[in-house]
1. Select from the stretch 442-466 the residues that are within 24 Å of the chain's Cα centre (by Cα) and buried (at least 21 other Cβ atoms within 10 Å of the Cβ) and list them in ascending order.
2. Any residue in the stretch 400-410 that is farther than 19 Å from residue 173 by Cβ and modelled with pLDDT under 95?
3. Checking residue 576 against (1) within 16 Å of the ligand (Cβ to nearest atom); (2) within 22 Å of residue 490 (Cα to Cα); (3) surrounded by 17 or more Cβ atoms within 10 Å (Cβ to Cβ): exactly one of these is not met. Which one?
4. Taking residue 330 as meeting all but one of (1) without any contact (Cβ under 8 Å) to a residue 12 or more places away in the chain; (2) assigned to a strand (DSSP E or B), write down the number of the exception.
5. Considering only the stretch 171-197, state which residues are closer than 17 Å to residue 68 by Cβ, assigned to a loop (DSSP other than H, G, I, E, B) and in contact with a helix residue (DSSP H, G or I) (Cβ under 8 Å, 6 or more places away or on another chain).
6. Looking at 469, 415, 433, 405, which is the one that is buried (at least 22 other Cβ atoms within 10 Å of the Cβ), in a helix (DSSP H, G or I) and within 16 Å of the ligand (Cβ to nearest atom)?
7. Quick check on the stretch 422-429. Is at least one of its residues modelled with pLDDT of 95 or more, part of a strand (DSSP E or B) and not assigned by TED's automatic domain parsing to the domain that holds residue 480?
8. Restricting attention to the stretch 368-393, report how many residues are more than 15 Å from the ligand (Cβ to nearest atom) and surrounded by fewer than 18 Cβ atoms within 10 Å (Cβ to Cβ).
Ligand code: F6R
């Protein structure tokens, strides 16, 4: 979605802003701009549709300044044009504002301002902020921003500069993330630490309702009524290298191949070998409270929802707890029944997904205990949940989620083990489960060795217009995930289905031109899935099977197959998803798609 970066300090801010915007590129956007308090006097605002390279080309090398703000826009109100890009300015040209979020009441605010003689340059909701701040400005930017924000309904993360107060940035947040970077004699403001981690690792995560004022050497945080707020400075736990491509063609490829390590990081310190159980300190729940849980409900979106579906299956089969995973965008507008002995999980890579955040808030209002499974440390959902688990997958830059998924699975496996050991699972069974989990990274690595075979299959099949993805039981969510991956990065139409469901409709789609990718590992449903394969084959549909090793029965039916190592049947999702990720990736490459930034998508969906 949109991204913000700001700098004040002794260095020239222009390259810092442009590099920061480049680091935010992964979040998905359509235009970008910077506003710089130039050394020569005026506030220089430059905005361009397209990639950061286009903006960079438009910025004169002579543009120097010590304070500025930048923005990447993902259009909501108003088309994708240079004028609609941020920063927006007031009529005097002294104020520049960048804004993430949506101003819901911009219509009446705009009308009122226009009646006072204000002329708007853009079609955006965000521009009202610049004029509103100008309306309230009496010499102190913090006051004007506070007064303006009191009029606003909606969500925002903003950064504002004013030429009459050079070297100062005022930021505020409500529903859209903002983080202060504390440097040595310099300060940063960003919507995402990725934009500033190359400069400082000392950060302060702002909460909703907070306003920050930055100068090169100082910061002060208050609420919107200017009451001071004490905040702790946190240290970012990862390095800039983690957001470099490190020799891979793109971030998605890097992140797929990183999975053996990211899964190991998720599991690190969370398996109690002595008692053959899981250890998850951040849940903030006593054993007694965990024992009293009668039901688990998982809320999430997209890939995180698919991980939740696997988690629900696992909790039910291993821990014998009724569990379900629901789409947060759906639960949000229902009137969900919250029972006291139900435990909720909000699963999210970014920790900022609006649907999941608002669903979580609604559940909490109804008295639910909601734990988070988040990747981004300090994210809104991580902070607002009642406790939870960080996945520690490391920064995920590619829009298509891969390593976050397998790390979310790893958390569910540890949690299910913990719950199962408190209930029916014996010590010996627990030990076996722990051993299997400890070995899973190595098996994922083995699966990744199928890279070349999968690339060849992509070369064979990428011209197909439609694809079916089928799986049963715990593999059904993996089929959904495979179809989602293919759709989002290659733009090939794909449907994920429970294999047993095809005869209830989707089999009508099967013909020589529509390949079916079937997940058929050696599990207790294999015979049933083999029957589904035969049904597809009988109707002339080409089949690619993901199967355990050299499975002769599968090979006899399928046109092509991708072998994966053998594991205990509950663990297959870690392995079966990998060929599907790689297959989508290679299809997208064949089609010349922008793998890391597919069209119309954003990494973190902070709007409805
Ligand atoms: C798919 C993808 C999306 C996200 C979804 C939820 O590859 O990335 O479907 O999974 O937008 O995002 P988070 O997990 O950040 O809440």
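The values are calculated or read from the model by the stated rules, or taken from the named source; none is laboratory data. Model, not experiment: these values are computed from the prediction. Cβ atoms come from the backbone with ideal geometry, glycine included; neighbour counts cover every protein chain shown.
1. Result: 444, single match.
2. To start, the set of residues in the stretch 400-410 that are farther than 19 Å from residue 173 by Cβ comprises 400-410.
Next cut, modelled with pLDDT under 95 only: none.
No, the stretch 400-410 contains no residue that is farther than 19 Å from residue 173 by Cβ and modelled with pLDDT under 95.
3. Single failed check for residue 576: (1).
4. Failing condition for residue 330: (2).
5. Taking the stretch 171-197 and keeping what is closer than 17 Å to residue 68 by Cβ, we get 171, 178, 180-181, 183, 185-191, 195-196.
Restricting the remaining residues to those that are assigned to a loop (DSSP other than H, G, I, E, B) gives 178, 183, 185-186, 191, 196.
Of everything in the stretch 171-197, those that are closer than 17 Å to residue 68 by Cβ, assigned to a loop (DSSP other than H, G, I, E, B) and in contact with a helix residue (DSSP H, G or I) (Cβ under 8 Å, 6 or more places away or on another chain) turn out to be 191, 196.
6. Values: 469 fails: in a helix (DSSP H, G or I); 415 fails: within 16 Å of the ligand (Cβ to nearest atom); 433 fails: within 16 Å of the ligand (Cβ to nearest atom).
The match here is 405.
7. no
8. 2
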